[in-house]
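Heads up: the structure comes next, in structure tokens.
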Amino acid sequence: MKQRLLTGDTPTGKLHLGHWIGSLENRVQMQNDYECYFLIANIHAFTTRADKPAEIRQNTLDIALDYLSVGIDPSKSTIFILSEIPAIAELTFLFSMLLPYPRVMRNPTLKEEIRIKELGDNYSFGFLLYAVDQVADILAFRAHVVPVGEDQIPHLEMTREVARRFNQLYCDSDTPLFPIPEVKLGKVKRLVGIGHPNENGQLPKMSKSLNNAIFLSDTPDVISQKVKAMYTDPKRLRASDPGTVENNPLWIFHEAFNSDKAWVAEAEEKYRTGQIGDVECKKKLIDVLVALTEPMRQRRKLYEDDPAQLLKILQEGTERANAVAEETLAAVKKAMQQDFFYK
Ligand code: TRP
């Protein structure tokens, strides 16, 4: 029996290189070894964009297309939509009883989101609830492993706490219902964007809202333009000037994506000593990124031309996901002794 893997994305826009290196790459590789569930958390998008239903609907389909393009294979893995899984909503209510309110409020990812999105004290009740829903997303599938970016670790910690607490309260110690899920982080935990440092001198992480992303769906031309315009060492005016490799997106990207490690090591040395130009290094990076995304563009085209097929994959995935989530919900009610009408 394979172990279960579950992860997901909130549909806020198209997926980019940061998602690939932080999590998608792992997911594609782990498909053969785990029973995989990939969740499109459309309801989470409503926590801050309740006034934009049409956008969220489109973003949901975009994420599904991104999943299929990167190589998530619907014959091996299950892709599904959160709003179609009623058992998760029920589990959210039940699990919320196991989380003291101040515990949820201490979650640093929630705090950070309130800060960044400038929600002040105007966030909805549902905004806090989304973190509990995420606990239910993972536990509904009794997942063993959850590949996510670093920012999701606090949600995983809450999930582990709820799993332990549930097992302890309602299960015999030799037959716990929930495995304690493990986080699996990507090769690069926080990929920088292609833009300038912020006022603190730090390079912001790649994100759609900061307008500093290279999307997995970008065409070769767009990738080329973006890399050519990308921020590098501002003190280096010509190829003969010594350059700084550290904290330079050009080299961060080569180290993350270029599999020719010997070329990277040699070019970095030349860059430090003023023997290679930005143009040449950028050209190489363009080649690397276009090659990485080429199979993605090809797969994308197949599904783009066949939207009915895309919906069918989502519907079949959602059916399989519902079967598992319902089974968990029944086991949860039974453990909680609220299984009045089960035979
Ligand atoms: N919160 C995650 C994000 O914003 C998406 C998500 C929802 C998720 N449910 C999940 C990730 C369950 C892992 C497991 O990207």
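The values are calculated or read from the model by the stated rules, or taken from the named source; none is laboratory data. What you see is a predicted model, and the numbers here were worked out from it, not measured in a lab. Here the Cβ positions follow ideal geometry from the backbone for every residue, glycine too, while neighbour counts run over all protein chains shown. For the accessible areas, the whole protein counts, side chains as well, though only heavy atoms, and no ligand, DNA or RNA atoms are used. Shrake-Rupley method; radii C 1.70, N 1.55, O 1.52, S 1.80 Å.
Quick check on segment 191-305: what are the equivalent-ellipsoid semi-axes from the Cα gyration tensor, as sqrt(5λ), descending, whole Å?
26, 18, 11
For the chain, give the share of DSSP beta bridges that are antiparallel, in percent and rounded to the nearest 5; count only bridges with both residues there.
If we restrict to bridges inside the chain, about 10 percent are antiparallel.
Cross-link partners among lysines for residue 228, C-alpha distance below 18 Å, same-chain residues fewer than 8 apart left out?
In chain and number order, the partners are 282, 283, 284.
Please compute the modelled spin-label separation between residue 331 and residue 312, points set 7 Å along Cα→Cβ, answer in nm with one decimal.
According to this spin-label approximation, the distance is 3.2 nm.
For the full complex of protein chains and a 1.4 angstrom probe, list 342, 34, 271 by accessible area with the highest value first. Before the final figure, lay out the partial values.
Values: 342 100, 34 55, 271 0 Å².
The ranking, largest first, comes out as 342, 34, 271.
Test of the criteria: in segment 131-232, which GluC sites (Glu not before Pro) are in a DSSP loop and have at most 11 other Cβ atoms within 10 angstrom of their Cβ?
199
In a Gaussian network model over the chain where Cα atoms closer than 10 Å are linked, find which of 121, 62, 260 has the largest mean-square fluctuation.
121
Specify whether the C-alpha gyration tensor of segment 123-168 places it in the rounded, prolate or oblate class, a ≥ b ≥ c being the square roots of the eigenvalues: rounded for a/c under 1.5, otherwise prolate if a/b is larger than b/c and oblate if not.
oblate
I'd like the distance between the alpha-carbon centres of segment 209-248 and segment 65-95, rounded to an integer number of Å.
35
Suppose all protein chains stay in the model; what accessible area per residue would a 1.4 Å probe give for segment 191-305, in Å²?
Result: 54 Å² per residue.
Work out how much length residue 239 to residue 50 would gain on full extension: take 0.36 nm times their residue separation and subtract the Cα-Cα distance, in nm to one decimal. Mind showing how you got there, number by number?
Numbers: separation 189, 0.36 × 189 = 68.04 nm, distance 5.01 nm.
Gain on extension, residue 239 to residue 50, equals 63.0 nm.
Carbon and sulfur together cover what percent of the accessible area of segment 191-305 at a 1.4 Å probe radius?
Of the solvent-accessible surface of segment 191-305, carbon and sulfur hold 52 percent.
What does the helix-only formula give at 222 nm for the chain: each DSSP H stretch with n ≥ 4 adding -39500 (n - 2.57), the total divided by the residues, and the result rounded to the nearest 500 deg cm²/dmol?
-16500 deg cm²/dmol, from helical runs alone.
Taking the chain as a Gaussian network, where each spring joins two C-alpha atoms under 10 Å apart, which residue of 116, 40, 180 fluctuates the most?
It is 116.
In nm, give the distance between the simple-model label positions of residue 265 and residue 182, each being 7 Å from the Cα along the Cα-to-Cβ direction.
A separation of 3.0 nm, rounded to one decimal place.
Per-residue accessible area for residue 28 at 1.4 Å probe radius, Å² rounded to 10?
40
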